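Take a look at the structure set out below.
No lab work stands behind these numbers, since they all come straight from the coordinates. These numbers come from a predicted model, not from an experiment. Don't worry about glycine lacking a Cβ; one is built from the backbone with ideal geometry, like all the others, and counts go over all protein chains shown.
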Amino acid sequence: MTRGPAESFGNLSTDLLQTQAPVSEDPRLMGAQICCQADGEMPREALRFHAEAVGAQVRLDAQRSTARRRATFRDGIVFSQRPVRPGERVELRVLCHECGWVGGLRVGFTRLDPERVTASGLPPFVCPDLEQQSPTWAAMLPDGCGLTGDVVRFWVNRLGRLFAQVNAGPRLLLRKDVLMGAPLWAVMDVYGTTKAIELLDSTVSAPTPAMPWVLSDEALPEFKAARGGESRGSVMSLEVVTL
């Protein structure tokens, strides 16, 4: 299998930083475009990809529900067009899986408001580039997940734990260090073997009881399985309670 070029981060774009007015020396707290209003009123409109804040290789369809990476294995960052509530499922389908690369879809959340992010300022990768430049928390799906036709759901609970579920499989704990208390936008990286994804309208899916699942997530036993090559601070584990 042909591996992609080594991921070198020595020449990161500074455009993203130039659009911000840093409020702290801590790179995870910087940015005038970071929204800090906690749990404000958020619309219940269907999730779509943000029209402008997209990676250099991303092309969206007219409805902004499909994101396709044109070439190479990088520059595939996309955001939701609105913040996502704690416990709200972001649901997507993998439309195309491309062999010949190493690694696949990354999912997570960010405090960056995509309305104030320029496409030219986006780095090539969400992990670790965007995480290092901003309050962003993302992780790669486990090996073997994200094949063509797979439905992926991911969410963050009120304790800051990032979960994912692939098809009808068990819930996966990807990491548990998401800072809560401010609006979070979903962020995805159409990376490597993942060539195209489609956001599904969870507002017309079978309703998910919010409170029981939030309680279940927060009571999750911490059975961890260490994985090499994961992003900073990420954790993989299987939840005992399956869906």
Along region 80-91, Karplus-curve 3J(HN,Hα) (6.51, -1.76, 1.60; θ = phi - 60°) to the nearest Hz, with x for Gly and Pro, reads 6, 7, 9, x, 10, 6, x, x, 6, 7, 8, 10
Rounded to whole Hz and in sequence order, give me ³J(HN,Hα) for region 64-75 from the Karplus expression 6.51 cos²θ - 1.76 cosθ + 1.60, θ = phi - 60°, writing x for Gly and Pro.
6, 9, 10, 10, 10, 8, 6, 8, 6, 10, 10, 6
Amide H neighbours of residue 190 under 5 Å, counting only residues 5+ apart in sequence or on other chains, H built in-plane at 1.01 Å?
76, 77, 78
So for the pair residue 167, residue 132, with labels modelled 7 Å out along Cα→Cβ, what separation do we get in nm?
3.6 nm
Calculate the spin-label point distance for residue 116 paired with residue 52, positioning each point 7 Å from the Cα along the beta-carbon direction, and give it in nanometres.
1.3 nm
Residue 177 versus residue 44: modelled label distance in nm, points set 7 Å from Cα along the beta carbon direction:
3.6 nm
Would you mind putting 170-180, 124-134 in packing order, based on average other-beta-carbon counts within 10 Å, highest first?
124-134, 170-180
